[in-house]
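Step one of this worksheet: look at the structure below.
Nothing in this text is a laboratory measurement; each read-out follows from the coordinates by a stated rule. Predicted, not measured: the structure shown is a model, and the values here were computed from it. Please note: Cβ atoms are built from the backbone with ideal geometry, for glycine as well, and neighbour counts cover all protein chains shown.
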Amino acid sequence: MTPPMAPDDASTPPNPLDELRAQLPRTSPAEVLATIGALSGQYRATLAPDGWSAAAEGTLRSAIGMERKIGMEMRIGLGERASEVPLRRTAPLASLTLAQLVEEARATRETTLTLLSLVQTAEPGTLRVWTLGEEVEPEVYLLALRPRLERLGNAVLAARLAG
């Protein structure tokens, strides 16, 4: 019986967290926050009240749910400081009309940005955040958050344009 072969280093995909950490010296948190702000502006424009198909509405429901999860992650990481951002009463997404969904998407993004400002201003050592299944530095979390928010916005926009 032959022993199992060790994986070839060349065939092992790079760890996404290593890729994010490699970006840290080239990308400041301020740049990441500015990009997230710009993405949020584009997302708000996508949330115009007209021109929604049923498929796009379903994609919007999914995007809101994913962004609610992002907010929950940040609240957990902020610990007691999370109470600085009051909890918003939310309804099940399946029960919301299109107009309510559009408003919920806007409100959810504003909550995300408010929580993000607390993440950014947290005292060193007081914040514990996770991404890709590991606890990471806040700067790495920001770098990982940017493409997540971009994908959500792009998915909603693509679904609107397709419908």
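List of remarks:
- What the Cβ-Cβ distance of residue 18 and residue 150 gives, at R0 = 22 Å and to the nearest 0.05, is a FRET efficiency of 0.60.
- Built amide H within the under 5 Å cut-off of residue 136, gap 5+: 129, 130, 131
- Spatial separation of Cα centroids for the range 85-106 and the range 121-162, in angstrom: 21 Å
- Within the shell of other residues whose beta carbon sits under 13 angstrom from the beta carbon of residue 158, the net charge comes to +1, with Lys and Arg scored +1 and Asp and Glu -1.
- Gain on full stretching of the segment that runs from residue 26 to residue 120 - 0.36 nm per residue minus C-alpha separation: 32.1 nm
- Stretch gain in nm, segment residue 87-residue 35, where the contour uses 0.36 nm per residue and the Cα spacing is subtracted: 16.2 nm
- On the beta carbon distance between residue 62 and residue 11, with R0 = 30 Å, the FRET formula returns roughly 0.35.
- Cα Rg, Dmax (largest Cα-Cα span) when computed across the chain, Å: 18.5, 66
- Charge tally around residue 46: other residues with Cβ under 11 Å, Lys/Arg +1 each, Asp/Glu -1 each, net +4.
- For the pair residue 97 and residue 69, a Förster radius of 25 Å applied to the C-beta separation gives a FRET efficiency near 0.65, rounded to the nearest 0.05.
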